[in-house]
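Read-outs throughout are calculated quantities, based only on the coordinates presented, and are distinct from any laboratory measurement. Predicted model only: the values in this text are computed from it and were never measured. All Cβ positions, even for glycine, are placed from backbone atoms using ideal geometry, and neighbour counts span all protein chains on display.
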């Protein structure tokens, strides 16, 4: 075992492994120290407390995280023991073969790829989405133009589309104007709509100096029968019906029979001494 070549290979490998931090290196050097004390035999028994003391790691969670990542990346083979009476074992992987110097250009390239991998994927994804959106928004796919005839055809096609778009715009403008006119007409005839708004009915009776109670009676009466005149014909002018209501308020209100004295035509005084 040539520990010089091993350490050289380790540092060469670490120099291009940008996911490791000084804590990993400190822990590996503590492992190397125990491996050296065991005369470079594999596997070796390890003590967590001793490794944490040598590597200056104070957190148990940090220790387990770093030792597992060193094992995942091929620096060591960690075999934890969950038996309190049996310690964990660790095998140090030989790194003698990793002693070839790495050029600075290769280091920069690997570093750039490692840091910008997600950025490149994101840019490619955005470009693909933009291209897809551009293709979907285009109404028709225009073929590649390689001569004058095709260019003329495309120009005629574009002119036709412009004329069609202009006609559609004129039609939409006409429809909008007609819609606005109808809206204004409805607003103008808002007082003649059936059924009318309660505010309009109340203002009408108030203008005629009629008590508000009569307005409520008028509105509730026709609201209950569906705004029908005589219970059959649909009302056309609620103002005319309101004027008739005012003139014939007694008819619409109905009459209530009130008891009158002597309505039974019997004498007020009866002689109970006479036989029936």
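Beta carbons within 10 angstrom, averaged per residue: use that to sort the peptides 31-37, 197-203, highest first. Present the calculation step by step, with values, prior to reporting the outcome.
On the way: 31-37: 16.4, 197-203: 14.1.
Top to bottom by mean Cβ count within 10 Å: 31-37, 197-203.
What is the extension gain from residue 29 to residue 158, computed as 0.36 nm multiplied by their sequence separation minus the C-alpha to C-alpha distance, in nm to one decimal?
Between residue 29 and residue 158, full extension yields 39.1 nm more.
What order do you get for 48, 39, 53 when you list them from fewest to most C-beta neighbours inside 10 Å?
If I rank by nearby Cβ atoms, fewest first, I get 39, 53, 48.
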